[in-house]
Amino acid sequence: MTLATMGAAGVWATAVFYVNDGFDLYFLTAGHTRHGHNIGARAVIAAAIQEDYRDWDSIKGIQLEGEVVLLAGDDRDTAVSLYTQKYPFITQADVTMQAALAKVNWYRLRPDRLYFIDNSKGLGHRDEVDLNWWQVAGG
């Protein structure tokens, strides 16, 4: 997932590994990074999720905007558990990497608006996902 943030030094984009639980997206990052500072200053961000395609007609992906929350306690533990299920290699990281992982910040990005991009339906075709329906339906 690529995050787009805004802060005192201007706009910034960065790629992060993520895991989802429904439409909630969890990721980690060090608080001292530029995007970490930006999130601390302005928690509303944009993000994009896509693969690398060889032709325009195949492009599919997600564009979204939402609020990022720094996690603690049970919420942080849930994020770590989901993340290690998706990326089990981190449980086998060396001591140095384990120490670094213990110090990072864990975040949840909850979309306010989300669009699904599908160029097979036409160049630039996108449909907005009704997140209110999803929340009402118990998603």
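The values are calculated or read from the model by the stated rules, or taken from the named source; none is laboratory data. Here the structure is a predicted model, which means the values were calculated and not measured. Neighbour counts run over all protein chains shown; Cβ positions are idealised from the backbone, glycine included.
For residue 23, the requirement of being closer than 21 Å to residue 87 by Cα, in contact with a Lys or Arg (Cβ under 8 Å, 6 or more places away or on another chain) and surrounded by 15 or more Cβ atoms within 10 Å (Cβ to Cβ) is met.
The sole residue among 74, 118 that is of a type outside the set (A, V, I, L, M) and either touching a residue at least 24 places away in the same chain (Cβ under 8 Å) or within 16 Å of residue 14 (Cα to Cα) (or both) is 118.
Considering segment 51-63 alone, what residues qualify as being in a loop (DSSP other than H, G, I, E, B) and over 16 Å from residue 16 (Cα atoms)?
53, 54, 55, 59, listed by residue number.
Within segment 31-86, the set of residues being among the charged types (D, E, K, R) and in contact with a helix residue (DSSP H, G or I) (Cβ under 8 Å, 6 or more places away or on another chain) comprises 57, 60. Among the criteria (1) more than 11 Å from the chain's Cα centre (by Cα); (2) in contact (Cβ under 8 Å) with a residue 24 or more places away in the chain, the one residue 3 does not fulfil is (1). The residues of segment 43-83 that are more than 21 Å from residue 3 (Cα to Cα) and hydroxyl-bearing (Ser, Thr, Tyr), listed by number, are 58, 78, 81. Evaluated against (1) at pLDDT 95 or above; (2) touching a Lys or Arg at 6+ places or on another chain (Cβ under 9 Å); (3) over 25 Å from residue 131 (Cβ atoms), residue 30 falls short on exactly one condition, (1).
Taking the options 130, 74, name whichever one is more than 18 Å from the chain's Cα centre (by Cα) and at pLDDT 95 or above.
Step by step, each of 130, 74 is checked, and only 74 is more than 18 Å from the chain's Cα centre (by Cα) and at pLDDT 95 or above.
Yes or no: residue 90 in a helix (DSSP H, G or I), out of contact with any Gly (no Cβ under 8 Å at 6 or more places or on another chain) and closer than 19 Å to residue 1 by Cβ? Yes; evaluated as a whole, the condition is true for this residue. Restricting to segment 1-23, what's the tally of residues that are in a strand (DSSP E or B) and under 16 Å from residue 61 (Cβ atoms)? Qualifying residue count, segment 1-23: 7.
For every residue, the table says whether it meets (1) among the charged types (D, E, K, R); (2) not in a helix (DSSP H, G or I).
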site: 25; (1), (2): no, yes
site: 28; (1), (2): no, yes
site: 36; (1), (2): no, no
site: 39; (1), (2): no, no
site: 46; (1), (2): no, yes
site: 49; (1), (2): no, yes
site: 65; (1), (2): yes, yes
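When restricted to residues that are farther than 19 Å from residue 113 by Cβ, within 15 Å of the chain's Cα centre (by Cα), surrounded by 14 or more Cβ atoms within 10 Å (Cβ to Cβ) and not aliphatic (A, V, I, L, M), segment 27-56 contains 4. If you go through segment 93-114 and pick out every residue that is in a strand (DSSP E or B), surrounded by fewer than 16 Cβ atoms within 10 Å (Cβ to Cβ) and either over 14 Å from the mean Cα position of the chain (by Cα) or not basic (Lys, Arg) (or both), you end up with 1.
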